[in-house]
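What follows is a single structure, written as structure tokens, with notes after it.
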Amino acid sequence: ITSDNSVAALHEYGNSFGKLILDKYTKPTSRKEEDILADAMKQKTDASLQELQLPAITYKNFANDLKVMKVPSILAQSHMLIVNGYQGMSMGLLSMLHLFTQPVQGNGGYAAYTKGYADVTEGYAGVVVLFAKQGVNFDQEETGAMFQYKPVQNDTITNTHS
């Protein structure tokens, strides 16, 4: 965490975060968790859940990579939601590996996974909203452009009529 909360520091954070995502985490390492779970529910065996290990490892690695980033303090809360969310998703998926033989642990894992997913979503939204409020803009070719707020009709961020 750094105390530099300037637009330049926020811009650098956005580009660093975007580069990390694009360089390491845009290519799927396995099928989506939802597809794995859907197939497992048909088979009803723990063996059918083993494929969840791959996304669990990816989420853990992503959280670890995010931990070493330089983060402006104004973004610390959102960044930690993302880091902790990915860790929770990873641990949740690993707990679901024995869903059929240890249903309490498996269901707890599912709850942890869904909470982590919600935290990640909230964290990303926080980053996007903060960039918009602070006037952090990215050119389309910059890796931080993925965090650029795209206004929609009845926009609540820029709408001054409440």
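Express the C-alpha Rg of the chain as a ratio against the empirical globular expectation 2.2 N^0.38 Å, rounded to two decimals.
Expressed relative to 2.2 N^0.38 Å, the Cα Rg reads 1.19.
Accessible area of segment 3-125 with a 1.4 Å probe: how many percent of it is carbon plus sulfur?
In segment 3-125, the share of accessible area belonging to carbon and sulfur is 59 percent.
Residue by residue, what Karplus-based ³J(HN,Hα) values in Hz, rounded to whole numbers, does segment 60-70 have, using 6.51, -1.76 and 1.60 with θ = phi - 60° and x for Gly and Pro?
Along segment 60-70, the couplings run 5, 5, 4, 4, 5, 5, 5, 5, 9, 6, 7 Hz.
Pop out the ³J(HN,Hα) list for segment 99-107 in order, Karplus 6.51 cos²θ - 1.76 cosθ + 1.60 with θ = phi - 60°, rounded to Hz; leave Gly and Pro as x.
3, 8, 9, 9, x, 5, 5, x, 5
Which three extents, in whole angstrom, do the alpha-carbon atoms of segment 1-82 cover along their principal axes, largest first?
Taking max minus min along each principal axis of the Cα atoms, segment 1-82 gives 53, 22, 16 Å.
May I ask you to evaluate 6.51 cos²θ - 1.76 cosθ + 1.60, the Karplus curve with θ = phi - 60°, for each residue of segment 126-131 and list the ³J(HN,Hα) values in order in whole Hz, giving x for glycine and proline?
Karplus-based 3J(HN,Hα) across segment 126-131 equals x, 5, 4, 5, 5, 4 Hz.
Of the chymotrypsin sites (Phe, Trp or Tyr not before Pro) in segment 1-74, which ones lie in a loop per DSSP and count no more than 12 other C-beta atoms within 10 Å?
none
222 nm [θ] for the chain, helices only, -39500 (n - 2.57) per DSSP H run of 4+, per residue, to 500?
That comes out to -20500 deg cm²/dmol.
Considering only DSSP states other than H, G, I, E and B, which trypsin sites (Lys or Arg not before Pro) in segment 17-95 qualify as loop sites with at most 15 other Cβ atoms within 10 Å?
Arg31, Lys32, Lys44, Lys70
With the cut-off at 19 Å, tell me which of the pairs Lys115/Lys150; Lys24/Lys67; Lys32/Lys67; Lys27/Lys133; Lys24/Lys115; Lys60/Lys150 have Cα atoms farther apart than that.
Lys115/Lys150; Lys32/Lys67; Lys27/Lys133; Lys24/Lys115; Lys60/Lys150
Give me the distance between the Cα centres of segment 5-28 and segment 62-119, rounded to whole Å.
20 Å
Choose one answer from Ala125, Ala47, Ala145: the residue with the largest mean-square fluctuation in a GNM of the chain with alpha-carbon springs under 10 Å.
Between Ala125, Ala47, Ala145, it is Ala47 that shows the largest mean-square fluctuation.
Near the amide H of Thr2, under 5 Å away, which other amide H atoms are found, from residues 5 or more places off or on another chain, if H is placed in the peptide plane?
Val71, Ser73
The values are calculated or read from the model by the stated rules, or taken from the named source; none is laboratory data. This one's a predicted model, so the numbers in the text were calculated from it and none came from an experiment. Quick reminder, even Gly has a Cβ in these numbers, built from the backbone with ideal geometry, and neighbours come from all protein chains shown. Surface areas here come from the heavy atoms of the whole protein model, side chains and all, with no ligands, DNA or RNA. Shrake-Rupley method; radii C 1.70, N 1.55, O 1.52, S 1.80 Å.
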